[in-house]
Amino acid sequence: MIINTVLFAIALFDVSTASSSALKWETNAGDKSNAMSVIRDKREDDEEIGWSTINEEVDTVIPLLLQHLQKLGIEHLQLPDINENLTVKPLLITYEAGLFLTNGIVYNLAGIQRYGPAYMTYKDKSFLTRFYLNIKSLQFEYNFLLKLMALEGYGKVIGSLEDTIIYAELAIDIVTFKMKLYDFRVIQFRNIQVQLNQTRFIRHLTGVILSPITNLFKDRITTSISDGLKEQMQTVMDDFNNEDPLELNNFVKQVLGGLTGNKN
């Protein structure tokens, strides 16, 4: 932890001397075989704040966060329920079907690493950090109920994503020593695969309902599902705040002591 504290301290002192040039949001990933250009809109205050690059520091902290998730026994994150009307055409006739997705979870996250540059600055008594993550693969599943005319069928939707890009923005309050998650959302992903584990009635309709269900997930992953993940991650941040696994209290005190000359 001492090494990590020193690394963060170096980054934070760099912030105090950083130039006030605007932050460039387009990530440079030209050396990746399946590179994706991810662009984040600039904020109104970007021209007024000095930013420091903290790539190495973020790379150091990511494994610590993952280890602490395991310590807390968090094996999956909850996903929000989804209710949607689908158009299906089983026998050359178009029908409206009601799809109800519940008890969704995301799990088996693998290959988590920083994607592009990470930045930090100091503003309003907080250290603000912005960065992207690339999750090489993850899985998700939902219980589903399909209502078609007077018939009902149920089962599970099981899916996977490859090369999921997530934008994260969080702050460390130097007064309360707490972490606050401002943004955590899926920007895009490279590939999605969806399959159904269903009852016999639904099995006969798999060919006509799998495509609209897959398209539904393609749309919702970056919208409502992403919003649900942000709420879940804030809960995780609250656990971090309670247990302080990164020793933020000592870290902030040391940084402030170095700035003010007060070592107590």
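Please treat every number below as a calculation from the coordinates, not as lab data. Just so you know, these numbers come straight off a predicted model, no measurement behind them. Note that each Cβ is placed from the backbone with ideal geometry, even for glycine, and that neighbours are counted across all protein chains shown.
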Rg and Dmax of region 111-201, Cα atoms only, in Å:
19.7, 59
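Provide the net charge surrounding Y142, with neighbours chosen by a C-beta distance below 9 Å and charges set as Lys +1, Arg +1, Asp -1, Glu -1. Intermediate results must be reported in sequence, preceding the final value.
Values: positive: K156; negative: D81, E141.
Net charge around Y142: -1.
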Hey, what's the Cα Rg ratio for region 50-259 versus the globular rule of thumb, 2.2 N^0.38 Å?
1.24
Taking a 25 Å limit on the Cα-Cα distance, which of the listed pairs K89/K156; K71/K180; K156/K218; K136/K178 fall beyond it?
K136/K178
Using modelled backbone amide H atoms (1.01 Å from N, in-plane), which distant-in-sequence or interchain residues come within less than 5 Å of G155's amide H?
F144
When the Karplus curve 6.51 cos²θ - 1.76 cosθ + 1.60 is applied with θ = phi - 60°, which whole-Hz ³J(HN,Hα) does each residue of region 161-176 get, with x for Gly and Pro?
10, 10, 6, 7, 9, 10, 9, 10, 9, 9, 10, 10, 6, 7, 8, 9
